[in-house]
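The structure under discussion appears below in the form of structure tokens.
The values are calculated or read from the model by the stated rules, or taken from the named source; none is laboratory data. Treat the numbers as computed from the prediction; the structure is a model and nothing was measured. Every residue, glycine among them, receives a Cβ derived from its backbone with ideal geometry; neighbour counts consider all protein chains shown.
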Amino acid sequence: MGFFRRKSAYLERKNLKKGTFSPLFVEKNRFFLHDLIFFRIFAVGIFTYININTTVMKMKLFIVAALAWVSMGAMAQKTKQVIDRVEPRTVQEFDHQEVEKKFKSNWFLDLQGGAQYTLGEAKFKKLISPNVQLGLGYNFTPVFAMRLQANAWQSKGGWSAFRAHKGDAPYTNDYKYKYVAPGLDFMFNLSNLFAGWNPDRFFNVTAFIGGGANIAWDNGEVNDIAKNLIDLDAYNLEYLWDGTKVRPFGRAGLELGFRLSDYVNLMLEGNANITTDKYNSKKAGNPDWYFNALAGLRINLGKGYRTETHDIYRDVVVYDTIYKTVVIEEPVVIEPMRRDIFFLRNKTDIRPEEAGKVQDIAEYLNKYPQAKVDIVGYADVQTGNAKINARLAQQRADVVVKTLIEEYGISADRITYDSKGDTVQPFVENDLNRVSICIADVK
């Protein structure tokens, strides 16, 4: 191409000086001139085509990019977690602790004093004598116990207006003698038997039966009386004795126990004792009897129970929020976030399964510094009363506010909160209204 240009330029300069091409020059160089003109036309066409195609391609790329930008700016595809359903389930929640008392065998000591009535022919008051009793026992079960006891002091006998023979002057006299009667009692707690064991029961009734040996001595008073009587048989003193006598006895009785503490009981006891006809020195043809009325203290040598602590649980219905993932086409805008934080009945603490919702709100506020959150506490209308529910609703809102500020560092001026008590019920289902509804939004 450089050759043609140089050749053409040379010819043009040469002929331009003359003002025109000579016919001979045109004739001799017509093929050359034809090629030169064709080449120039071809070159101009090539450059024009390239420029046009380049421009069209740039325009196409620009249009595609613009459409893509418009499309991306107008709509965006994203996934979102939304509430699918709320499912109830029953869980066991700690309610309280109960302390259970279990029976424990233990020793006890009885210290008692009172009076004895010895059955006889003298007036009643003449046959009353002092009486004491000491006992050591062991509770084997809530119902059954055994007691070693010793009952002692005085027994009495005598006559009241007695006539040995018809026409004799009435004879009245009385005498006393000493004794101690160690024995073994088998005891049955009737209260525990029929009403069940209760270590805190104030009043208990116990029946007992037993026996032992009656050891009597110091029978000098009746022996002195006998010295002044002419016919001892007439005065029934056929079994007059002296020295020390040991005779078997049996007995039965009731005791009334009044619980003063775990260790001390006030005891009232009555017992009837039977022994041989020779006990009071008089022959009656039947066994001799004496009756004791006693009052005193029972000292438990250790508690009669042990304690066991049990955790008591109750069934509580909780609600699980089930989420599902949905794909949505929506404008690229910052959506507000709502979280419903559910509470148990009469509770204001955030349960572990609900704590994630508070974290969601905190993350939203941290992601969008211009966002704020509004929190409203509620209580269900079917529990408590208006005053209690107003307090519960306020505390349910407060605990969410406190958690956002103290645990997640959210500024207080980004939080507004309120409570509706039970005056507003956001959910149809009653139990769902124990809730704090949190709505975070870019305002």
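Within region 106-141, the set of residues being over 26 Å from residue 189 (Cα atoms) and touching a Pro at 6+ places or on another chain (Cβ under 7 Å) is empty. Could you list, in sequence order, all residues of region 115-159 that are modelled with pLDDT of 95 or more and at positive phi? Scanning region 115-159 gives a single hit, 153. Against the list (1) more than 15 Å from residue 435 (Cβ to Cβ); (2) in contact with a helix residue (DSSP H, G or I) (Cβ under 8 Å, 6 or more places away or on another chain); (3) of a type outside the set (Gly, Ala, Ser), the condition residue 327 fails is (2). Of the residues making up region 94-113, those that are more than 30 Å from residue 351 (Cα to Cα) and hydrophobic (A, V, I, L, M, F, W, C) are 103, 107, 108, 109, 111. Looking across region 180-198 at every residue that is farther than 19 Å from residue 268 by Cα and under 40 Å from the mean Cα position of the chain (by Cα), the one that is surrounded by the most Cβ atoms within 10 Å (Cβ to Cβ) is identified as 197.
Residue-by-condition table, conditions (1) of a type in the set (Gly, Ala, Ser); (2) on the phi > 0 side of the Ramachandran plot; (3) surrounded by 13 or more Cβ atoms within 10 Å (Cβ to Cβ):
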{"site": "338", "(1), (2), (3)": "no, no, yes"}
{"site": "344", "(1), (2), (3)": "no, no, yes"}
{"site": "350", "(1), (2), (3)": "no, no, yes"}
{"site": "354", "(1), (2), (3)": "no, no, yes"}
{"site": "364", "(1), (2), (3)": "no, no, yes"}
{"site": "367", "(1), (2), (3)": "no, no, no"}
{"site": "382", "(1), (2), (3)": "no, no, no"}
{"site": "386", "(1), (2), (3)": "yes, no, no"}
{"site": "391", "(1), (2), (3)": "no, no, yes"}
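Is it the case, given these coordinates, that residue 256 is within 21 Å of residue 117 (Cα to Cα), more than 60 Å from the chain's Cα centre (by Cα), surrounded by 15 or more Cβ atoms within 10 Å (Cβ to Cβ) and aliphatic (A, V, I, L, M)? Judged against the criteria, residue 256 is not a match. Of the listed requirements (1) under 30 Å from residue 194 (Cα atoms); (2) crowded, with 18+ Cβ neighbours inside 10 Å; (3) hydrophobic (A, V, I, L, M, F, W, C), residue 225 misses just one: (1). Name the one entry in 208, 202 that is at pLDDT 95 or above, in contact with a strand residue (DSSP E or B) (Cβ under 9 Å, 6 or more places away or on another chain), under 25 Å from residue 101 (Cβ atoms) and surrounded by 14 or more Cβ atoms within 10 Å (Cβ to Cβ). Of the residues listed, the single one that is at pLDDT 95 or above, in contact with a strand residue (DSSP E or B) (Cβ under 9 Å, 6 or more places away or on another chain), under 25 Å from residue 101 (Cβ atoms) and surrounded by 14 or more Cβ atoms within 10 Å (Cβ to Cβ) is 208.
Residues in region 132-153 that are touching a Ser or Thr at 6+ places or on another chain (Cβ under 9 Å) and either surrounded by 18 or more Cβ atoms within 10 Å (Cβ to Cβ) or more than 24 Å from residue 298 (Cβ to Cβ) (or both): 139, 145, 153. The residue list 419, 411 contains one member that is over 13 Å from residue 361 (Cβ atoms), surrounded by fewer than 17 Cβ atoms within 10 Å (Cβ to Cβ) and small (Gly, Ala, Ser), which is 411.
Checked against the criterion of being touching a helix residue (DSSP H, G or I) at 6+ places or on another chain (Cβ under 8 Å), at pLDDT 50 or above and of a type in the set (A, V, I, L, M, F, W, C), region 77-97 contains one or more residues that satisfy it. Only strands (runs of 3 or more DSSP E) whose full extent lies in region 281-342 are considered here, and the ones with at least 1 residues that are within 23 Å of the chain's Cα centre (by Cα), at pLDDT 90 or above and hydrophobic (A, V, I, L, M, F, W, C) are 305-330, 337-342. Could you check, for region 110-124, whether at least one of its residues is assigned by TED's automatic domain parsing to the domain that holds residue 248, in a loop (DSSP other than H, G, I, E, B) and exposed (fewer than 14 other Cβ atoms within 10 Å of the Cβ)? No, that holds for no residue. If the condition is being among the hydroxyl-bearing types (Ser, Thr, Tyr) and either under 30 Å from residue 199 (Cβ atoms) or loosely packed, with under 13 Cβ neighbours inside 10 Å (or both), then region 229-253 contributes only 244.
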